[in-house]
Ligand code: PEP
Ligand code: MN
């Protein structure tokens, strides 16, 4: 045997979990969605740039690897068993201009700060996930938007069209999918550098929380913050040097709404020969597109990523059981996460039948609360907003329902930012409508700002330690 032959034998073509294939996956059934009812898509297949954009995406490298995706599924399996807690946070809609080092680091920092507080509250590891690096497509309640006497196509997220209310900007442009891919790649690159390069060192994160605690508005959290501080200093004094202190896993998630994008970025894992969506680690189906016989549920049933499904107040127990059958027929723990968004006024009545039906069926799923989307109101001055108190009330209701059913409240899904915006009402550093004109930045839904996000984490920690 020559040296070249030996090398060939000893060097596998691909490392475990690598995807070196170029071109959208060719796999039986992956195109079945094209024949099914498909909601919330732009009509752009006749666009002169569509084929080039689709081909370019298909030949680009994957954004995430199958091995990482499988690791996340293992982490989520721990959440399903009640041995970890999931924190998902980020913008309602990412923007191309928002891909800056400052904004990304502020958001990642805020999620890490929240995670430290929740780790303490839950006495459990926290799986950290951003609505980031791909959260560019938005479902809309109406195809058209009218302002005064002008009616134009609705804004569908920057992966589809522009936010400016002009005819030109609202025309769907497939080249935007390629821009979204590159923006996602640079976001992920920075997130990986931050979370693996010392930025996530627990001692540093704890220092950031100090700034928040110095404000008298947050005095009620002093006890928890003091306990966390002592625990971190104790570990430091003991010379604890384990890896978990210094770096952290951080996963990327988005709504898998735009199926042209997801299809083009689907690749086959070289180890198992199975398809993965490589646009992000975790993808979810939204409340408006989770029809059992629709294209979205079909497509996601055929890829191996861990999946989320949003469940609103009109969801029936039968639907939930059928979703499990379709999306998790093998009952793999970690495969399926239900993200409930009932509204504070509904959760105590609407969630129990769903949780009980799943519990009684024996399926193991992750239950997460999204306390944002069922609590959206219009402020007196016309802005879309949410009251911090309603958001917290839904979180409390979520814990109450799970405690009563004997099931595990596994996580929190929030729209938040690391910046000092004014989009949600309330919090200890009170935000009212008068701040919206100057500090409302979101293009779609209102987010908790940096302080509101941390305050929520402390309140949840309080609820978890009670
Ligand atoms: C969202 O998460 O921004 C969203 C649109 O949620 P839902 O599908 O729950 O309405
Ligand atoms: Mn939203």
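Here, each number is a calculation from the coordinates, and none is a lab measurement. Nothing here was measured: the structure is a model prediction, and the numbers come from that model. Cβ sites come from the backbone with ideal geometry, for glycine too, and all protein chains shown count toward neighbours.
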For this session: Express the relative contact order of the chain as a whole percentage, based on alpha carbon pairs under 8 Å and six or more residues apart in sequence.
Result: 21 percent
For this session: Sort the stretch 342-466 into rounded, prolate or oblate with this rule: let a ≥ b ≥ c be the square roots of the eigenvalues of the Cα gyration tensor; rounded if a/c is under 1.5, and if a/c is not under 1.5, prolate when a/b is larger than b/c, oblate otherwise.
Result: prolate
For this session: Just order 376-383, 129-136 by mean Cβ neighbour count inside 10 Å, highest at the front, would you?
Result: 129-136, 376-383
Exercise. In whole Å, what is the distance between the alpha-carbon centres of the stretch 416-461 and the stretch 273-287?
Worked result: 29 Å
Problem set entry | Mean Cβ neighbour count within 10 Å, used as a protection proxy, ranking 209-218, 412-421, 236-245, 115-124 highest first | 412-421, 115-124, 209-218, 236-245
For this session: When you have a sec, figure out the Kirkwood radius of the stretch 335-414 from all distinct Cα pair distances and drop it here in Å to one decimal?
Result: 13.0 Å
Seminar exercise, completed: With label points set 7 Å from each Cα along the Cα-to-Cβ direction at residue 168 and residue 247, the distance between them in nm comes to 4.6 nm
Exercise. What's the extension gain from residue 222 to residue 146 if we count 0.36 nm per residue and subtract their Cα-Cα distance?
Worked result: 22.5 nm
Exercise. How high is the relative contact order of the stretch 319-466, given as a whole-number percent (alpha carbon pairs under 8 Å, six or more residues apart)?
Worked result: 22 percent
Exercise. Which number comes out as Rg/Rh for the stretch 121-230 once both Rg and the Kirkwood Rh are worked out on C-alpha atoms?
Worked result: 1.17
For this session: Report, in whole Å, the centroid distance computed from the Cα atoms of the stretch 31-63 and the stretch 71-85.
Result: 33 Å
For this session: Rounded to the nearest 0.05, what FRET efficiency do residue 229 and residue 438 give with R0 = 35 Å and r taken as the Cβ-Cβ distance? Could you check?
Result: 0.55
Exercise. In whole Å and largest first, what semi-axes does the C-alpha gyration tensor of the stretch 48-190 yield when each eigenvalue is scaled by 5 and square-rooted?
Worked result: 33, 20, 14
Exercise. Shape call for the stretch 192-234 from the C-alpha gyration tensor, a ≥ b ≥ c root eigenvalues: rounded (a/c under 1.5), prolate (a/b greater than b/c) or oblate?
Worked result: oblate
Exercise. How big is the chain by Rg and Dmax over its Cα atoms, in Å?
Worked result: 22.1, 80
Exercise. Which value in deg cm²/dmol, rounded to the nearest 500, describes the helix-derived mean residue ellipticity at 222 nm for the chain, given -39,500 (n - 2.57) per DSSP H run of n ≥ 4 and division by the residue count?
Worked result: -12500 deg cm²/dmol
